Each structure stands twice: as structure tokens, then as C-alpha cells.
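Have a look at the structure below, then the notes.
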Amino acid sequence: MQMRGRVVSGGGAGRGPASGSRPWRRRRSGARGVATGLALGAALAGGLTAPATAASAASGAPKSGTALGTCAKGALCLWPGQHFWGERRTYEVGAVRMEDCRRLPRRVSAKSFANRTGHPVTVYESAECAETREFHTHPSGSWTPEGAYAVRAFKVWEH
């Protein structure tokens, strides 16, 4: 692909509108023009794939090579380390009262979790489910390999 046309100057010393020279110049074809075109094409191709990567990160999908932790249907599973590492704690939906704050045991927190309860679950940084600290609600079926904070409590919601 050969690029021709206007090229905006890089704003170096002695160039550009402030120095009285033309703000653009015509680039001639040749090896340098081809290299510039290839670099521009690679940059554009990389830019077109970035939104897909950002979307997969926002969805909570694990990074390539990260295995999902084991979590049975109807349960909330919590792990102390990121990427489902460490001893798993499981809370069955039938054993948890809906919309009540459930505190994790003292000195226990979770950095990754899976919600398979069939209900939305809010995880809290506060052990009292206080909304003055970090908290997020996760829909059923969500897997979070890297929590943004240490989870110390949660609530399971009816709807």
C-alpha cells in the first residue's frame, strides 16, 4: 500500500506554523514512503482489534490461558487469590438468606469469584456491606478472575 498526500509535521523545532513554514509537506514515494505506509497500516490494524480486547476484559472473561475455577450451579464461589487460586469457599443459594449481608469469616477475603446462584450478587469491600467503600453487583453466570478489591461480604438479591 503506497501512501501519498499531506503529512502533518511533527512539531519539531523550527518547523510548523509558528516558525512561518508550511504546516505540511508532500511526501515522495520510495522506500521511506512504503515503510511509513506499512507502519501506519500496522498501527491501524492494531487499533481495530483493541476494542474487542477491551470488551472481553470488561466482560470479565479470563485472560488467555487462565482456567476458570470449579463452581457448581446454584452456588457462589470465592477464592482468596486472583485467577481462582487458593482454597475455594462455596455458598449454596438455598443456605443463604436473600438480601441479607453475609460476612466472610475474620481474616478471610476473596480476590476472585464466580456467581452461579441464578441471582445477582453484590460483593463488598466492607465486612458490613457498607456502600461507603467499594462494591459491585455481578449477574448470575459471571466469573471474575481479578477482583478490583478484597471482598469481605456479599448479598444475594432476589431479582
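By other beta-carbon atoms within 10 Å, ranking LEU78, LEU68, LEU104 with the fewest at the front produces LEU68, LEU104, LEU78. Neighbours of GLY86 by Cβ distance under 14 Å: Lys/Arg scored +1, Asp/Glu scored -1, total +2.
Applied to region 82-94, the Karplus parametrisation 6.51 cos²θ - 1.76 cosθ + 1.60 on θ = phi - 60° returns per-residue 3J(HN,Hα) values of 5, 6, 6, 9, x, 6, 6, 10, 10, 10, 6, 4, x Hz, with x for Gly and Pro. The phi torsions of region 147-155, fed into the Karplus equation with coefficients 6.51, -1.76 and 1.60 and a -60° offset, translate into couplings of x, 6, 7, 7, 7, 10, 7, 8, 9 Hz, rounded to whole numbers, with Gly and Pro shown as x. Taking 20 °C and 1.002 mPa s as conditions, region 81-123 diffuses translationally at an estimated 182 µm²/s according to Stokes-Einstein applied to its Kirkwood radius (Cα pairs). The Stokes-Einstein estimate for region 75-156, based on a Kirkwood radius over Cα pairs and taken at 37 °C with 0.692 mPa s viscosity, is a diffusion coefficient of 269 µm²/s.
Bear in mind that the values in this text are calculations on the coordinates, not laboratory data. Source: prediction; values computed, not measured. Every residue, glycine among them, receives a Cβ derived from its backbone with ideal geometry; neighbour counts consider all protein chains shown.
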